[in-house]
Each structure stands twice: as structure tokens, then as C-alpha cells.
């Protein structure tokens, strides 16, 4: 009986520790961009540089300008981009980085954008 009690206590400790670690793990974050491109050549120059900066902080593209349709509400711009980051902080790290801010200047005048960073579940 004592061995069973010890096994249960150990199991509860292991499971409890795993649950605690899961609860404390950073939640992923997503950057959603809605973009109206007015100068495709200039915008393409900007777009060449962004993947490496995004990957540097562990981010990745989930959607990058594919087909989209607005099914409710105000018409979305023609280009929608969705990025996934390991955490809200890394999404902000990407956006605020000196490297991205430098590349962002290439886009100025080539597109109107709205970027929103949202923490996942």
C-alpha cells in the first residue's frame, strides 16, 4: 500500500509539474497585416528582406498574400499576411528591431498597411 501511495504522489507531482510548465509557457502570437500595395516594384524590394528578419526571432509566415475574400464587414485590402511568433514579446521584438525598422523604410510610399499583433490561446 505504501508503494502505491508513493507512486501516486510521484505521478501527481510529475503531472502537476507538466501542467504548471504548460500554463507558464509563453503563448504564441500572430501578426496580421492588411496591405494595399500601390507600387508593386518597390513593395517587392521590401518583401525580399522580411523573411530573414522574421525567421531570426523564430517567426514564420502562415499566409502571405494568397487568395482572400471578405465575407463580412468592410472590404479587406488585396494583400493579407499572417505571421506566427513564439510569443507576444518576440512579435514585438521583430517589429521594433532596428533591422526591421530599416527595411520598413523601403516600403514607405509603396503601400498602406495595418499590422495588428495578437496573443494566441
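Ranked highest first by average number of other Cβ atoms within 10 Å, how do 55-67, 90-102 line up?
90-102, 55-67
Once fully extended, how much extra length lies between residue 112 and residue 52, figured as 0.36 nm per residue of separation less the alpha-carbon to alpha-carbon distance? Spell out each step's value before the answer.
On the way: separation 60, 0.36 × 60 = 21.60 nm, distance 2.21 nm.
Contour length minus the Cα-Cα distance gives 19.4 nm.
No lab work stands behind these numbers, since they all come straight from the coordinates. Since the structure is predicted, the reported quantities are computational estimates derived from the model, not experimental observations. Positions of Cβ are backbone-derived with ideal geometry, glycine not excepted, and every protein chain shown enters the neighbour counts.
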